[in-house]
Amino acid sequence: MSMQVDPDYLRGYAEQIEADRDGALATLQQFCREHCDNRDGLDGTLWPARAPLEVMVEFTLNMAAGAHAGMSSLAYNLRYSAGLYDRAEQANTATMETVGQRWATVDESWEAHPSSAGGAFTGGAQVSPAPPAFESALGDVEALAHGTIGDINGVIKALTGFDLFSKIMEFAVGDWGRVRYIGEGFGELEHGFRAISRDLAQGMDVLAPHWTSGGHHSGSPAELFEETIRQRWVPGFDALAQGCNAFQQECEALAQSYGYIIGSLVFVTNFYEKKIRRVLALLLSATDWRKYLGTFFRLVKELWDVLVGTAKLIWEQTVMWKEQIEFMCTSLAHMYKIFRGDFEVFQQG
Amino acid sequence: MSGMSEILGIMGEIEHRLRGRRDAMQQAAVEWRHQLHARIEAYDREPDDDGDDDAVPADAPPEYRAVRDKIARGELTWAEVLSGQTDDPDGRKVHVWTDARMQQMRDYLRSPEGRRMVGEPE
């Protein structure tokens, strides 16, 4: 059996893993709590989006907490292993002393020995997620309610019973700007998890030449450790990053869909509003107002139907979106169960 | 089989299915928009109600014409007159008249003839 090991490299990599854990990973956990777990403004037609957003945040934080614990275990085991190698070397040295060599005392020798791995490892992945800029997307809706319909709503309501203002305001409590904000937050998480993945892989590249024993498929500790890093931890963080990326795309898709629908609603409402004002003027200028009253009622009723239909469409889309996120979380959890390793490294406890 | 390639394969499958659903959502929104536009176009094809904007209703107060001119100049709006929320003396006088006219309209809409007109059960 051939063996080459420099315990300082094991300790160096352990430090790097701890730096990833206490630096990059801790930063991402805090970022997720601060920015992705903020569902302010998701009311009205966007209410169904709350639950899946909460589930996705919880899923991500659970994974990150599991990763935190697992990385502690990795670093501890590396240090422990380095200590075992040191003690074995010390024991061998002591044994050789008994055969007559007048070497320096073991303790002096080891204490004086500078770390051979100094500077070879990184100080952890550099992660500084940028807080998303929250931009409320309710400007158009509020302009529609207050500007377009606001001043004639009282008359319309008194005549026809339809409260267009209140109906439009239902859209004003669901701010799809928040969905976009959360999505951008997950985009930052994606980059952060990928950075950790890269950093772990690079650290393993540094360690590998300094810790070899046996050949391929020998089941040696060095081989087992490398496999754990390359086949479980690196893909695990990559998959987590990809999950965040998929979620960001989902958030963006929902926000775009909402914006598209509201944009159409604004266009159509402006069309009806002009017609309604025109007929209202006729109602006030004609001696025989009866011939315009039917048209007025019809226009208001049609606009009302458009608003009701829009609310229904948005609700349906949000529910559909909710189902998508549930599907995604279920799939991720399924992967977690199926594949030993990969996600299992993030399992807590 | 395990590792990155398999995980990425599954993530790819998830993304594929999500993309399919996203397309369905988008399609629903596009169809809805087309329906709205079709309705608007149908409306535009109908002849306008050619009311006479310059007319003065027979029962209108003398201030009516002045108010109408102020509205045309952007000094007042019908909404202000209708709500009575104006300091304009002419506007306030016409408001009393519009209030009465609105009441007539409400009464008419509640009558069997009015309900029939708007398609509600009598």
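Cβ-Cβ distance below 8 Å, separation of 6 or more or different chains: which pairs start in region A:299-313 with a residue that is within 14 Å of residue A:166 (Cα to Cα) and end on one that is modelled with pLDDT of 90 or more and charged (D, E, K, R)? Partner pairs satisfying both residue conditions: A:303/A:273.
Taken over region A:237-271, the criterion of being in contact (Cβ under 8 Å) with a residue 40 or more places away in the chain, within 7 Å of another protein chain (Cβ to nearest Cβ) and open to solvent by 10 Å² or more (accessible area, probe 1.4 Å) is satisfied by A:238, A:242, A:253, A:257. Taken over region A:154-175, the criterion of being of a type in the set (D, E, K, R) and in contact (Cβ under 8 Å) with a residue 12 or more places away in the chain is satisfied by A:167, A:170, A:175. On the basis of being touching a helix residue (DSSP H, G or I) at 6+ places or on another chain (Cβ under 6 Å), in a helix (DSSP H, G or I) and among the small types (Gly, Ala, Ser), does residue A:49 make the cut? Taking the combined requirement at face value, the residue satisfies it. The set of residues from region A:148-174 being among the acidic types (Asp, Glu) and either open to solvent by less than 50 Å² (accessible area, probe 1.4 Å) or outside any helix (DSSP H, G or I) (or both) comprises A:163, A:170.
When you look at residue B:105, is it open to solvent by 40 Å² or more (accessible area, probe 1.4 Å) and at the interface with chain A (Cβ under 7 Å from one of its Cβ atoms), yes or no?
no
All conditions in (1) at pLDDT below 90; (2) part of a helix (DSSP H, G or I); (3) open to solvent by less than 60 Å² (accessible area, probe 1.4 Å); (4) at the interface with chain A (Cβ under 7 Å from one of its Cβ atoms) hold for residue B:26, with the sole exception of (3).
Does residue B:119 count as open to solvent by less than 70 Å² (accessible area, probe 1.4 Å) and outside any helix (DSSP H, G or I)?
Values: open to solvent by less than 70 Å² (accessible area, probe 1.4 Å): yes; outside any helix (DSSP H, G or I): yes.
When the stated conditions are applied, residue B:119 passes them.
Restricting region A:294-308 to residues that are modelled with pLDDT of 90 or more and open to solvent by less than 30 Å² (accessible area, probe 1.4 Å) leaves a set whose member that is nearest to the other protein chains (Cβ to nearest Cβ) is A:297.
The values are calculated or read from the model by the stated rules, or taken from the named source; none is laboratory data. The shown structure was predicted, so the numbers you read here are calculated from the model rather than taken from an experiment. Note that we place each Cβ from the backbone using ideal geometry, even for glycine, and neighbour counts take in every protein chain shown. Ligands, DNA and RNA are excluded from the accessible area calculation, which covers all protein heavy atoms including side chains. Shrake-Rupley method; radii C 1.70, N 1.55, O 1.52, S 1.80 Å.
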